[in-house]
1. Give the residues of the stretch 14-37 that are farther than 15 Å from residue 78 by Cα and hydroxyl-bearing (Ser, Thr, Tyr), sorted by residue number.
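No lab work stands behind these numbers, since they all come straight from the coordinates. Keep in mind that this is a model prediction, so the values were computed, not measured. FYI the Cβ positions are ideal-geometry reconstructions off the backbone, even for glycines, and counts take in every protein chain you see.
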Amino acid sequence: MTRAASGPISRACLSSDRKSRNSQLCGCIQAAADRTLSKSDQNLAASFYGNPQKAQDVRQSNRTGDEIFWQKYKNYSETAEAICQIR
């Protein structure tokens, strides 16, 4: 696992109701975001914790910007899984 980081995703993760949340995991997920997402992309991704439907809406959107974001989000997700040992 990589060094913990602080940012919008780690804050959203820590405030979520997910059972597996802890500061080390949430910080690691933030570190993955720092490697792969811009600050504005991180803010959008963090909003998914409180509104999962928003993630679905973005994923299914035909807007070019949403499609570009979703590709970056998938890369972020794969990176987080790899470095944070998420299964």
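1. 15, 16, 20, 23
Yes/no per residue for (1) surrounded by fewer than 20 Cβ atoms within 10 Å (Cβ to Cβ); (2) small (Gly, Ala, Ser); (3) in a helix (DSSP H, G or I):
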{"residue": "13", "(1), (2), (3)": "no, no, yes"}
{"residue": "21", "(1), (2), (3)": "yes, no, no"}
{"residue": "25", "(1), (2), (3)": "no, no, yes"}
{"residue": "29", "(1), (2), (3)": "no, no, yes"}
{"residue": "32", "(1), (2), (3)": "no, yes, yes"}
{"residue": "46", "(1), (2), (3)": "no, yes, yes"}
{"residue": "53", "(1), (2), (3)": "yes, no, yes"}
{"residue": "59", "(1), (2), (3)": "yes, no, yes"}
{"residue": "78", "(1), (2), (3)": "yes, no, yes"}
